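The values are calculated or read from the model by the stated rules, or taken from the named source; none is laboratory data. Source: prediction; values computed, not measured. Ideal geometry is used to build each Cβ from the backbone, glycine not excepted, and the neighbour counts take in all protein chains shown. Ligands, DNA and RNA are stripped out before the accessible areas are found, and what is left, the full protein with its side chains, is counted by its heavy atoms. Shrake-Rupley method; radii C 1.70, N 1.55, O 1.52, S 1.80 Å.
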Amino acid sequence: MATLKDVAALAGVSVATISRALNQDPTLSLPKETMDKIMKAVEEVGYEKKARKPKQKIQIGILQWYSLEQEMEDPYYLSMRVGIEQYCLQDCVEIMRIFKSDGNWQDLIKNLDGLICIGKFSQDEMEKCVELCDKTIFLDMETDRIEFNTISLSFKNAVLDVLEYLKEKGHTKIAFLGGQEVLSDNTVYDDHRVRYFLDYARPMGFEYNPWFLIGRYTRESGYEMMKTILENPDRPTAVFCCSDPLAIGASKAIREAGLKIPKDISVIGFDDIDAAAYSLPALTTLHAEPAKMGSFAASMVHQMITRNDVLTPFRIVFPCQLVERESVGSVKKQP
């Protein structure tokens, strides 16, 4: 069977030039007589160009536990989805968006090549997802045992960074505002920020009772919880919020009470959404990379598909970085 080398030898040009010419490379410019020599050599040696195999059509599903309305209220998950979609668009990967509220969501993921689940899922739901699509990654999930592919944030280091930062600023009385996420089996998701705060706050010398409150991850919840705290004349000097929407809501309650941030109460958030830098005052927060987490998850699933490989369950943790702006101040030492 004739090869490109045979054609090149007869035509007196390189193999690379033969290949580019036969593939009609638009950047290749050859004299007509050279092109004629190549085509004549192809005919004489009987070279037949192999037809290229059509590129594999890949479809990745995005299973969201948030509704569109909830996603717009808290852009953290929106950024994750955008990161996934940007990667898939760049690599010509098809996307199917599925919501857990869809009654037939399990049927929709049966024929997918890969799946990325954004948000919080029960043990049964995670097992069902992997059963229906073995190339699955869970975003913003962290399980105690490594039995699923998960990508999450380094909450332990983030909480320690916050506590050490507040301690350096002289704060000893701090409030904690968290959110409760209920899974489909009516169990409460174990938010590791709550766990690590309770593990480290008291040993580090912080007082946080009765200002430890858990509500929902919304501005409204942050506002209501902060109002409750301010009803007590004994108030904290700083409040650590587990999301920026919580911090934005808490800040509104503080201002309405006639108090100033950070002179009277310091506020620190989590996630570093776009609004954090433009709040008044600009919000000190933990910077996360949800878009990069989404893009990375998409690349991992894509790799598993193209290699037809199911990896050993893994846990990947992305770091958070403290971004100091204007909402945290120092506590003056009492004489």
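Scanning for something more than 28 Å from the chain's Cα centre (by Cα) and at pLDDT 95 or above, does the stretch 284-302 turn up at least one residue? No.
Reported count of residues in the stretch 197-218, each being under 25 Å from the mean Cα position of the chain (by Cα) and either at pLDDT 95 or above or not charged (D, E, K, R) (or both), is 5. Kindly check whether there is at least one residue in the stretch 292-304 that is surrounded by fewer than 15 Cβ atoms within 10 Å (Cβ to Cβ) and part of a loop (DSSP other than H, G, I, E, B). Taking every residue of the stretch 292-304 in turn, none turns out to be surrounded by fewer than 15 Cβ atoms within 10 Å (Cβ to Cβ) and part of a loop (DSSP other than H, G, I, E, B).
Filtered by the rule that a residue be assigned to a loop (DSSP other than H, G, I, E, B), loosely packed, with under 14 Cβ neighbours inside 10 Å and out of contact with any Leu (no Cβ under 8 Å at 6 or more places or on another chain), the stretch 191-218 gives 202, 203, 205, 209, 210.
With respect to the stated conditions, residue 145 is farther than 23 Å from residue 232 by Cβ and open to solvent by 20 Å² or more (accessible area, probe 1.4 Å).
Is there a residue being farther than 24 Å from residue 241 by Cα, touching a residue at least 12 places away in the same chain (Cβ under 8 Å) and surrounded by fewer than 13 Cβ atoms within 10 Å (Cβ to Cβ) anywhere in the stretch 315-332? Within the stretch 315-332 (the criterion being farther than 24 Å from residue 241 by Cα, touching a residue at least 12 places away in the same chain (Cβ under 8 Å) and surrounded by fewer than 13 Cβ atoms within 10 Å (Cβ to Cβ)), the answer is no, since none of the residues qualifies. The residue of the stretch 120-135 that is surrounded by the fewest Cβ atoms within 10 Å (Cβ to Cβ), among those that are within 22 Å of residue 190 (Cβ to Cβ) and free of Cβ contacts under 8 Å to residues at least 24 places away in the same chain, is 127.
For (1) open to solvent by less than 10 Å² (accessible area, probe 1.4 Å); (2) within 18 Å of residue 167 (Cα to Cα); (3) within 32 Å of the chain's Cα centre (by Cα), each residue gets a yes or a no:
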| site | (1), (2), (3) |
| --- | --- |
| 231 | no, no, no |
| 234 | no, no, no |
| 238 | yes, yes, yes |
| 244 | yes, no, yes |
| 251 | no, no, yes |
| 264 | no, yes, no |
| 267 | yes, yes, yes |
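Is it the case, given these coordinates, that residue 178 is modelled with pLDDT of 90 or more, over 26 Å from the mean Cα position of the chain (by Cα) and within 21 Å of residue 160 (Cα to Cα)? No, not satisfied. Residues considered: 138, 121. Of these, the only one that is modelled with pLDDT of 95 or more and within 19 Å of the chain's Cα centre (by Cα) is 138.
When restricted to residues that are free of Cβ contacts under 8 Å to residues at least 40 places away in the same chain and either surrounded by fewer than 19 Cβ atoms within 10 Å (Cβ to Cβ) or over 23 Å from residue 179 (Cβ atoms) (or both), the stretch 56-84 contains 6.
How many residues does the stretch 158-188 hold that are outside any strand (DSSP E or B), of a type outside the set (Asp, Glu) and touching a Phe, Trp or Tyr at 6+ places or on another chain (Cβ under 9 Å)? The total comes to 12. Restricting 88, 117 to residues that are within 25 Å of residue 181 (Cα to Cα), outside any loop (DSSP other than H, G, I, E, B) and touching a residue at least 24 places away in the same chain (Cβ under 8 Å) narrows the list to 117. Scanning the stretch 141-154 for residues that are modelled with pLDDT of 95 or more and acidic (Asp, Glu) turns up nothing. Filtered by the rule that a residue be assigned to a helix (DSSP H, G or I) and either at positive phi or surrounded by fewer than 21 Cβ atoms within 10 Å (Cβ to Cβ) (or both), the stretch 269-291 gives 274, 275, 277, 278, 291.
Among the residues of the stretch 170-190, those that are surrounded by fewer than 18 Cβ atoms within 10 Å (Cβ to Cβ) and under 30 Å from residue 331 (Cα atoms) comprise 170, 172, 173.
Pairing each residue of the stretch 201-226 that is closer than 14 Å to residue 180 by Cα with any residue that is of a type in the set (S, T, N, Q) and open to solvent by less than 20 Å² (accessible area, probe 1.4 Å), provided the two are 6+ apart or on different chains, yields C-beta distances under 7 Å for 215/221; 217/243.
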